[in-house]
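Written below as structure tokens is the structure these notes are about.
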Amino acid sequence: MTRAAFLIAMPLLGACASSSGPPPPRPGVAAGEGRSCDTAVPIDADRESAGAAIEGEWIAKHFPGSRVGNRNIIQCRGRQTEMVVVETARGDVRLFFDISKYYGKF
């Protein structure tokens, strides 16, 4: 390898080696815990139908085999939030999704 090729390749190899950690979440599905207003899962969608699909995807991934129960629109820190009760084999789980980005957009 020539010196010029070596000098070009080394920074690129270093950049590859330094990238660690989990991959970024899929667009639209954020990495919030969702168990409270403070940790509401932000949903990145431009209309309600897309937002509902993303919510359903998130619930299916984190609570496989569960069933969605009650849903209510509430205000959390001035933001439109959907509170969803998910029924699991171990009992009900209350989840919060920040839907302010797409709320009311059809």
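The values are calculated or read from the model by the stated rules, or taken from the named source; none is laboratory data. These figures come from a predicted structure and were not determined experimentally. Backbone-built Cβ (ideal geometry, glycine too); neighbour counts: all protein chains shown.
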Qualifying positions in the range 48-92 - within 17 Å of the chain's Cα centre (by Cα), closer than 12 Å to GLY34 by Cα and part of a strand (DSSP E or B): THR81, GLU82, MET83, VAL84, VAL86
With the condition kept exactly as written, say whether any residue in the range 21-35 is modelled with pLDDT under 95, touching a Ser or Thr at 6+ places or on another chain (Cβ under 6 Å) and either part of a loop (DSSP other than H, G, I, E, B) or surrounded by 14 or more Cβ atoms within 10 Å (Cβ to Cβ) (or both). yes
With the condition kept exactly as written, say whether any residue in the range 58-77 is basic (Lys, Arg) and in contact with a Pro (Cβ under 9 Å, 6 or more places away or on another chain). no
